[in-house]
Amino acid sequence: MKKDIVVPEVKDVHVAVVREKNDEGELIWNVYLINKQDEVLENVLVSSSGYKTDSQGNKQNSSTLRHFLKDVPAKSAKKIEPIIEDVFGLNNEYFITYFSSAGMAEKQFVFVPDSILEKNFIDVPFVGSKGVMI
């Protein structure tokens, strides 16, 4: 039965959008999964998409991308994907599913439109750059 399924609470797992320099010295944006837990996240699946509905009811959607990150070690970060500034005006959703000692866990992270701004930057753990983290 549905009531018998226990989904553990997700703690110390975050998604961050980070501005970095690439090999050519150009500023680019990357999305990272941050694991602040003391254990490995196993078989990590990430589904990412962007969406928005304007005041006239017109819908705008980006492609849905799926990533298999395999394992994310304890106290580390792993790059999910690059992201372009053109989609910062959308709700950027990252749905994370993984296994840990507590069982299968899942969590949805959403960067609301225009939240990826320099005024919201923090030092992102395990990445060594500044960015916006949920």
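The values are calculated or read from the model by the stated rules, or taken from the named source; none is laboratory data. Quantities reported herein were computed from a predicted structural model and do not represent experimental measurements. Neighbour counts are summed over all protein chains in view; Cβ atoms, including those assigned to glycine, are modelled from backbone coordinates with ideal geometry.
With respect to the conditions (1) more than 15 Å from the chain's Cα centre (by Cα); (2) at pLDDT below 95, S115 falls short on a single one, namely (1). Restricting attention to the range 15-22, does a residue exist that is modelled with pLDDT under 90 and within 17 Å of S129 (Cβ to Cβ)? Yes, the range 15-22 has at least one match. Close contacts from the range 105-119, counting a first residue that is in contact (Cβ under 8 Å) with a residue 24 or more places away in the chain and on the phi > 0 side of the Ramachandran plot and a second that is outside any strand (DSSP E or B) and not hydrophobic (A, V, I, L, M, F, W, C), with Cβ to Cβ under 9 Å and a gap of 6+ residues or different chains, come to D114/G89. Do we find a residue being at pLDDT 95 or above and touching a Lys or Arg at 6+ places or on another chain (Cβ under 8 Å) anywhere in the range 95-107? Yes. Listed by position, the strands (runs of 3 or more DSSP E) inside the range 1-113 whose residues that are surrounded by 14 or more Cβ atoms within 10 Å (Cβ to Cβ) and among the basic types (K, R) number at least 1 are 13-21, 41-53, 76-83, 103-111.
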